[in-house]
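The values are calculated or read from the model by the stated rules, or taken from the named source; none is laboratory data. Computed from a predicted model, the values in this text were never measured in an experiment. Using ideal geometry, Cβ is built from the backbone for each residue, glycine included, and neighbour counts are taken over all protein chains shown. All accessible areas refer to the heavy atoms of the entire protein, side chains included, with ligands and DNA or RNA removed. Shrake-Rupley method; radii C 1.70, N 1.55, O 1.52, S 1.80 Å.
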4 protein chains.
Amino acid sequence: MVVASPTDQHLDHTRRALAAGKAVMCEKPLDLDLTTALGAADVMSGDNVPLLLGFNRRFDRHFSTLKQQIIAGRIGSLESLLIVSHDPSPPPVAYIKVSGGLFKDMAIHDFDMARFLLDEEPVEVFATTACLVDPAIREAGDFDTARTVLKTASGKICVISNSRRSGYGYDQRIEAYGSKGLLKADNLTETTVSHWGQDGAQADTFQNFFLSRYADAYRAEADHFSDIITGASKPCVGYRDAIRALALAEAAARSATTGQVVHL
Amino acid sequence: MVVASPTDQHLDHTRRALAAGKAVMCEKPLDLDLTTALGAADVMSGDNVPLLLGFNRRFDRHFSTLKQQIIAGRIGSLESLLIVSHDPSPPPVAYIKVSGGLFKDMAIHDFDMARFLLDEEPVEVFATTACLVDPAIREAGDFDTARTVLKTASGKICVISNSRRSGYGYDQRIEAYGSKGLLKADNLTETTVSHWGQDGAQADTFQNFFLSRYADAYRAEADHFSDIITGASKPCVGYRDAIRALALAEAAARSATTGQVVHL
Amino acid sequence: MVVASPTDQHLDHTRRALAAGKAVMCEKPLDLDLTTALGAADVMSGDNVPLLLGFNRRFDRHFSTLKQQIIAGRIGSLESLLIVSHDPSPPPVAYIKVSGGLFKDMAIHDFDMARFLLDEEPVEVFATTACLVDPAIREAGDFDTARTVLKTASGKICVISNSRRSGYGYDQRIEAYGSKGLLKADNLTETTVSHWGQDGAQADTFQNFFLSRYADAYRAEADHFSDIITGASKPCVGYRDAIRALALAEAAARSATTGQVVHL
Amino acid sequence: MVVASPTDQHLDHTRRALAAGKAVMCEKPLDLDLTTALGAADVMSGDNVPLLLGFNRRFDRHFSTLKQQIIAGRIGSLESLLIVSHDPSPPPVAYIKVSGGLFKDMAIHDFDMARFLLDEEPVEVFATTACLVDPAIREAGDFDTARTVLKTASGKICVISNSRRSGYGYDQRIEAYGSKGLLKADNLTETTVSHWGQDGAQADTFQNFFLSRYADAYRAEADHFSDIITGASKPCVGYRDAIRALALAEAAARSATTGQVVHL
């Protein structure tokens, strides 16, 4: 069963589907409230619970290749990350009001990606935010621009750059810095066609938004879910990951408010 | 009906399928002999014959975008082309012996692409060849390297670069030069992941060979064929294109032998 | 007079040269202590003091072009910056001990660049540091890795990424994000030669370190200084810039210690 | 002595300067007529004649690096070349009339580059030309577009692409194909600044024309000439190279007229 209901019903629908013996793929975030989400541990945690969390970017070929090359030691030991995650344009303010805010709605993908790549839990979170795109977003109690800095116990640092409106399309890039080099996953363009003119060489536009940029990732995710249904696989990303990403989102929000590092 | 039999049976199978009232998608080349292929004009030429020739590269998103941008005037008037078409490694010599030779087997795609993009028939053909990769290919009566220069009546020039073995993967690039700029369609890489190390920045490998490089093009071609079957479309590439590409291949072979421009 | 003495003598040498009526180009930083540097305001501040501070990167053609394009409105209004400034390998620990620390010795260039490009003073500073490269650097009381987040009163955000050892050469990049696009200044390679092989396409190495990467900038800086000497120009970067960069460096160090945003 | 007089006086000025015991750097071409140039062999040929021919591109860091990497075996054995040499805009027709024509005036650089990189003399020449840019060039007895195919005795093939007007700036690229890979020397841009906008990512313009593109090469050439003057070096490119390039230019012109391969 795929839970793609409004976010405030994710937890309930997932709980009921699991109770009915179904394998569940639940869209992110699992819930807008960490405490509430923690309350579902009894039925959702555990290696044998067939719950797949919809962090689709883990299934993206480019990001998963980057992870494989980190594991293979191509940059020595991983030291830091830069995750750029900028949307082409903001959602309607009506959506923003019920979204849970930029950290839980948008950056949650990046928190999960940071954990996925760091292979170590962040223990310190700092965030700063601004409202530079649209004053209506501020009036709705949210912001449109954020920078978050995560740090793990061993000192690995991850910077996450978020914007609700990039001015140049959907920007989804990762840089992974290690002791022996750097791995970058760059944006995908619509085609390989470039134009050389009087003003320089111009590449084609980036794939416009998540539906096209992550089309292959969604397919791979669905394949994995079908393996979960048949019992061929256990979920590679589940309840624990949902909780951890949510905890990072709440910590980021708190840091942005207090101007202090939040320790987890 | 899809005709993907050995090349020497393409014409016969296509003729019989058309006679049976079937729509036909026939793999390139239509035949290894221009005169024989011309003999099929009575049943295969004509706008209403449901014959689709398997010049799959016309359906490639990158090349068709390049063509659309030429038509849209993005480089002013088109003046010349460069088509690079290098295979990663040569086929078995046994295959080469029955292939009809590099021009009819391999470059035929490029002759069609040249016609597709130039939108004007070449009237002069020059070609030069060499056997640099494997002496067994020469012993089989063929060559592994060729450069062909086509020229249209209005003076547009197309250079085609062919090699049976590139030494660096499958190289499928096009450059279109116009009065106001240049359009390039470049190779596709497996992923957008690059590695920055002590020796410089390294992109991922190119998509390895035609099955992966042109997977989307084959799908688009099949879609077009299904529109032909249902009568929703007429073939966008058919008998006349097969004949013209074959004529260019024979002219190239003659020029390579005589060292003279062949006029069509 | 060019003051390129050890840092702890910069201020005294500059003061004496100015007193002697000389135009002075002083290497960065002006001093290792903000309070001490502030004490020189009586003789060093003022539009007519011929004091050029050695923030050579302002004279880099790539970075100054980026600034000109920001001013020209090519990305609408500037919203945020990313400055990557990674050295190929750390200096000797003996140097680090007297360097004043990563923020005053190395990041000071980036603090100045941030001010140069933002065209607005940062009022909030957050920094986090780690020692990932060499434990001897930690024993010397310093760190080798830092991420700093600056924020201006209007909400513009600048992230600075510093490392004493990149693992892939000298990395000097800037990304400027605006309401209508992104401007990037990328690294320079030794040559435009790239190699395409079985493992992908590989560009040439980056220009190795500051002497080659900024050779042209040093020349342009010297030209500007000679204009100052002749009275043809006033210094485009001087005492006030030295003070502001030093204040940011001290604030970053304090933030890294306290885990709190430092307000300026 | 530097001979940069009009082309029809190169030979005479060079002869007289050599007779006067001077080292000479003579601009290309040595003369517009091969037979005349051959007549100077008595005083200009020989290893000890201090005559440097102005094939400045041999001194370009990018092209000489490419050559070094070929020699070092980075692409196995060299098999073919592509030289793209397109000017941003044509010279005045008055200049074209006395230029000796595209092959002797413009392509002569590329003939020399082909010989420099192939390290083997071409023995077959084919060329085709067109007048696509400006009818006044045709009326002046010249053409503005050419493609030339050179072939060596061992079967190495070089394609040269020339245009008097590219529509997108000064295009000076080389691709060297070998048994184990490809080396490319690409164009230089004014800066590394790129702009990402709604229409894609755009690099800066190419360095505009030969004075900026080859500024460093001219400096290196002058350094080499000063070594010749002092006797520290013998000319790395001299009379024999002038003759060979001129022979290729004349062969190309003949081939373009006859439509036949010219054998040397």
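Before moving on, here are some points about what is shown:
- Accessible-area value, residue B:143, 1.4 Å probe, nucleic acids and ligands omitted, Å²: 40
- Beta bridges by DSSP in the stretch A:70-175, antiparallel share as percent, to the nearest 5: 75
- Estimated buried accessible area (total), pair C and A, 1.4 Å, Å² to nearest 100: 2800
- Three-way shape label, the stretch A:2-263, alpha-carbon gyration tensor, a/c 1.5: rounded
- For the stretch B:1-152: relative contact order, % (alpha-carbon pairs under 8 angstrom, 6 or more apart): 17
- Once the partner protein chains are put back, the stretch D:133-159 shows a loss of at least 10 square angstrom of accessible area, versus the chain by itself, at D:145, D:147, D:149, D:151, D:154, D:155, D:157, D:159 (probe 1.4 Å, ligands and nucleic acids excluded).
- Solvent exposure of the stretch B:2-263 as accessible area per residue, Å², 1.4 Å probe: 37
- Shape class for the stretch C:141-264, computed from the alpha carbon gyration tensor (a ≥ b ≥ c): oblate, with a/c not under 1.5 and a/b at or below b/c.
- Farthest positive-ward along the stretch A:1-139 dipole, Cα basis, beta-carbon charges - from A:80, A:135, A:17: A:17
- Magnitude of the charge dipole, the stretch D:3-127, Cβ model with Lys/Arg +1 and Asp/Glu -1, debye to 20: 440
- Within chain B, the selection of entire DSSP H helices by a Cα span of 18 Å or greater along the long axis and an average Kyte-Doolittle value of at least 1.6 returns an empty list.
- Of all DSSP beta bridges in chain C, antiparallel share, percent nearest 5: 75
- For the stretch C:172-184, backbone phi angles converted through the Karplus equation (6.51, -1.76, 1.60; θ = phi - 60°) give residue-by-residue couplings of 10, 10, 9, 10, 10, 9, x, 5, 10, x, 10, 10, 10 Hz, Gly and Pro being listed as x.
- Ordering of A:240-246, D:189-195, C:217-223 by burial proxy (mean other Cβ atoms within 10 Å per residue, highest first): A:240-246, D:189-195, C:217-223
- In Hz, Karplus ³J(HN,Hα) per residue of the stretch B:87-95 (6.51, -1.76, 1.60; θ = phi - 60°; x = Gly, Pro): 7, x, 7, x, x, x, 4, 4, 5
- Counting every alpha-carbon pair across the protein assembly as shown, the share separated by more than 53 Å comes to 29%.
- With the helix formula -39500 (n - 2.57) applied to DSSP H stretches of n ≥ 4, chain C reaches a computed 222 nm mean residue ellipticity of -10500 deg cm²/dmol.
- Calculated label separations, residue B:199, copies of the chain, 7 Å along the beta-carbon direction, nm: 0.4, 3.9, 3.9
- Positive minus negative residues near residue B:91 (Lys, Arg vs Asp, Glu; Cβ under 12 Å): -2
- Computed over chain D: relative contact order in percent, which uses C-alpha pairs under 8 Å that are six or more apart: 26
- Close amide H pairs (under 5 Å, H built 1.01 Å from N) link residue C:189 with C:207, residues at least 5 positions away or on another chain.
- Global geometry of the stretch A:181-245, whether rounded, prolate or oblate, following the gyration tensor of its Cα atoms and the 1.5 cut on a/c: prolate
- Extending 7 Å from the Cα toward the beta-carbon at both residue D:98 and residue B:236 defines two label points whose distance is 5.4 nm.
- Highest-fluctuation residue, B:185, B:94, B:252 considered, GNM on chain B with Cα pairs under 10 Å: B:94
- Taken about its Cα centre, the protein assembly as shown carries a charge dipole of about 0 debye when Lys and Arg each add +1 at the Cβ and Asp and Glu each add -1 at the Cβ.
- The protein assembly as shown - percent of accessible surface contributed by carbon and sulfur, probe 1.4 Å: 52
- Only Lys, Arg, Asp and Glu carry charge here, each on its Cβ (+1 for the first two, -1 for the last two); on that basis chain A has a dipole of about 380 debye about its Cα centre.
- A compact globular protein would have a Cα radius of gyration near 2.2 N^0.38 Å; the ratio found for the stretch C:24-158 is 1.17.
- Summarising the amide proton neighbourhood of residue B:180: residues at separation of 5 or more, or on other chains, whose placed amide H is nearer than 5 Å comprise B:76, B:77.
- Nearest-to-axis residue in chain C, judged by Cβ distance to the rotation axis that brings C onto D and given in whole Å, is C:188, 5.
- With all protein chains modelled, accessible area of residue A:212 [1.4 Å, Å²]: 50
- Going by accessible surface with a 1.4 Å probe and the largest first, C:131, B:158 read C:131, B:158.
- Charge context of residue B:131, other residues only, Cβ under 11 angstrom, K/R +1, D/E -1: -3
- Gap separating the Cα centres of the stretch A:187-215 and the stretch C:220-264, nearest whole Å: 39
- Summed side-chain charge close to residue A:173 - residues other than residue A:173 whose Cβ falls under 14 Å, Lys, Arg +1, Asp, Glu -1: -3
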